[in-house]
């Protein structure tokens, strides 16, 4: 019997947001794959083919996140666990390539999957580790076979990080302000589509299939870094000692990653991290609008996020 993919449709928030804000209307370049806006460097046709034709294995592991939610950090933790905690043994892109990046023009594969080609992925006989930003139903090869680590981050810190990402990476061409960006994000039209759909579906999937999918939040990982590393090692059935966990924790702090040439792909990619930095960017009215849309979409999900400074919702 196949696994059931949860389906979530965003709440109707027109009364708060007015008409949806489309990315193309505000000069935010994207390509649509299965209706989801993606990095414009992707070849939509190749991407679509990969989703349908990729052959996943029982031994595969995917790290699945919405963009800017602690993906790099989780890749680094997994890379360290597989390399005895040694910081510069392998870059996280070599160890845990972004699978879909192989469907993009040169810049992206070089940055996100160095040394990998579609052929190498196919013929590699070792246990394979990938990163993906896919929705549950769009995971290449389906969600039947692999083990999945799903990581989510509170959406206010996510949208601030994504805003800086859209402004700093030339391919997106985004020149708008933060206010407009919030509206694009809340309309489900930022890179990677609806945060609400992504998070709700992966959370529901992890609840239905806990043996297949480990659910972590970025905030939980920050608040108890060591426990998160142990949870990941345990879930992936990687044997560990206290000493290995110590090394992994030490070499996967934001600071150590910023100092490690193999872990840090540019300062914009690893910003300050942390919880609650959205307060430095949001105005009160932006925050109120965001909260209203957030509550409408999260009702009944059973999910609560840590927004920093003791705020949970």
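The table below lists the values:
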| quantity | calculated |
| --- | --- |
| Quotient of C-alpha Rg and 2.2 N^0.38 Å, computed over region 1-139 | 1.18 |
| Prolate/oblate/rounded call for region 165-277, Cα gyration tensor, a/c under 1.5 rounded | oblate |
| Overall dimensions of the chain as given by Cα atoms, namely Rg and Dmax in Å | 18.5, 54 |
| Share, in percent, of DSSP beta bridges within region 14-298 that are antiparallel, nearest 5 | 20 percent |
| Contour excess over end-to-end distance, with Cα ends at residue 31 and residue 94 and 0.36 nm allotted per residue | 20.1 nm |
| Region 213-313 shape via C-alpha gyration tensor axes, a/c threshold 1.5 | oblate |
| Packing-based order for 194-206, 233-245, using average beta carbon neighbours within 10 Å, highest first | 194-206, 233-245 |
| Residue 122/residue 259 FRET efficiency (R0 51 Å; Cβ-Cβ; nearest 0.05) | 0.90 |
| Mean separation of Cα contacts under 8 Å (6+ apart) over length of the chain, as relative contact order % | 26 percent |
| Packing rank of 52-63, 13-24, 160-171, where each peptide gets the mean count of other beta carbons within 10 Å, highest leading | 160-171, 52-63, 13-24 |
| Spacing of the two label points (7 Å from each Cα toward its C-beta) at residue 49 and residue 20, in nm | 2.9 nm |
| By average C-beta atoms within 10 angstrom, highest first, the peptides 220-229, 294-303 | 220-229, 294-303 |
| Gain upon complete extension [residue 168, residue 295; 0.36 nm per residue less C-alpha separation] | 42.7 nm |
| Mean-position separation - Cα centroids, region 27-69 and region 73-101, in angstrom | 20 Å |
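Every number here is computed from the coordinates shown, using simple stated rules; none is lab data. As the structure is a computational prediction, the values presented were derived from the model and not from experiment. In this analysis, Cβ positions are derived from the backbone assuming ideal geometry, glycine residues included, and neighbour counts consider all displayed protein chains.
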